[in-house]
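Structure first, commentary second.
The values are calculated or read from the model by the stated rules, or taken from the named source; none is laboratory data. All figures in this text were calculated on a predicted structure; none of them were measured in a lab. Every residue, glycine among them, receives a Cβ derived from its backbone with ideal geometry; neighbour counts consider all protein chains shown. Accessible surface areas use protein heavy atoms only, side chains included; no ligands, DNA or RNA. Shrake-Rupley method; radii C 1.70, N 1.55, O 1.52, S 1.80 Å.
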Amino acid sequence: TMLIESDNDMAEILAHLAGATLAGRGSFASGAEATVATLQSIGVPVSGATFVDGSGLSYADISSPLTLATAISISSGPTAPAWTWPVVLGLPVAGLTGTLADRYAAPDTRGAAGFVRAKTGTLIGVSTLAGTVVDADGRLLAFALMSDEAADVDASRAALDRAAAAIAACGCRG
């Protein structure tokens with residue numbers, strides 16, 4: 001539910017609970033520590049990342065596309081820890097569920113509906129789309145797309161959707 005609907009309150013509660021498990025106290029700081037520890041435990045690079053909350057609503061939260069795409073790639077790969085399955089399966093499906101239900105209806109993105117599963121992230125001037133896509137060769141690919149300092153967030157979202165749709169349409173083997 002947290003991923004599908006982008007429930008920021010639930011994200012904060014889960015981060016605080018993870019922090020309480022790790023550090024014995026649930027707080028923004030311990031939740032951020034738990035996030036870093038969890039990502040590092042599965043081999044995700046967190047160099048340059050800064051986490052201050054569990055929802056990603058703070059402008060002080062910083063993450064690279066590499067960190068996001070690697071987390072998704074590892075979580076959806078054949079050696080993924082068993083506890084990661086809800087991450088990929090819980091992502092909204094383009095054109096069908098959650099925060100992507102009303103997206104991927106435009107002519108230039110329609111072909112990717114049902115093939116893109118991704119978490120959205122939107123703040124004023126910032127838009128992110130990170131998840132998986134099945135490409136034209138049937139391969140499952142992980143991706144992370146970000147825009148920053150965008151004057152028009154709707155246009156930025158549409159551009160991210162077009163980029164994910166282009167990956168879906170790609171026959172990238174040769």
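Size of the dipole of the chain about the Cα centre, Lys and Arg at +1 and Asp and Glu at -1 on the beta carbon, nothing else charged, in debye to 20? Before the final figure, lay out the partial values.
Values: 9 positive and 16 negative charges, 115 e Å.
The dipole magnitude comes to about 560 debye.
Please tell me the relative contact order of the chain in percent, rounded to the nearest whole number, where contacts are Cα pairs under 8 Å and at least six residues apart.
Working: 330 pairs, mean separation 28.7, N = 174.
It rounds to 16 percent for the chain.
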With a 10 Å radius around each residue's Cβ, average the other Cβ atoms per peptide and rank 151-162, 80-91, highest first. 151-162, 80-91
Point-to-point label distance, residue 14-residue 123, nm (Cα→Cβ direction, 7 Å offset): 1.9
Kindly give Rg over Rh for the chain, based on alpha-carbon atoms, with the Kirkwood expression for the hydrodynamic radius. 0.97
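Can you send over the carbon and sulfur percentage of the accessible area for region 15-127, probe radius 1.4 Å, protein chains only?
Details: 3810 of 5710 Å².
Summing carbon and sulfur atoms, their accessible area is 67 percent of the total for region 15-127.
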Measuring with a 1.4 Å probe in the full set of protein chains, what accessible area per residue, in whole Å², belongs to region 74-174? 50
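Would you tally the net charge around residue 104, using a Cβ to Cβ cut-off of less than 14 Å, leaving residue 104 out, and scoring K and R as +1, D and E as -1?
Numbers: positive: 103, 110, 117, 157, 162; negative: 102, 108, 161.
That works out to +2.
Rounded, prolate or oblate: which one fits region 50-142, using the alpha carbon gyration tensor with axes a ≥ b ≥ c (rounded when a/c is under 1.5, else prolate when a/b beats b/c, else oblate)?
Values: a/c = 1.94, a/b = 1.15, b/c = 1.69.
Cα axes put region 50-142 in the oblate bin.
Round to the nearest 0.05 the FRET efficiency obtained for residue 136 and residue 83 when R0 = 25 Å and r is the Cβ-Cβ distance. Provide the component values of the computation, followed by the final result.
Values: r = 31 Å, r/R0 = 1.26.
Step by step, r from the Cβ atoms, then E = 0.20.
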Which parts of region 104-138 would a label at residue 4 reach, counting a residue when its backbone N lies under 16 Å from a point 7 Å out along Cα-to-Cβ? 114, 117-120
Principal-axis tilt of helix 65-76 within the chain, Cα atoms, nearest 10 degrees: 90
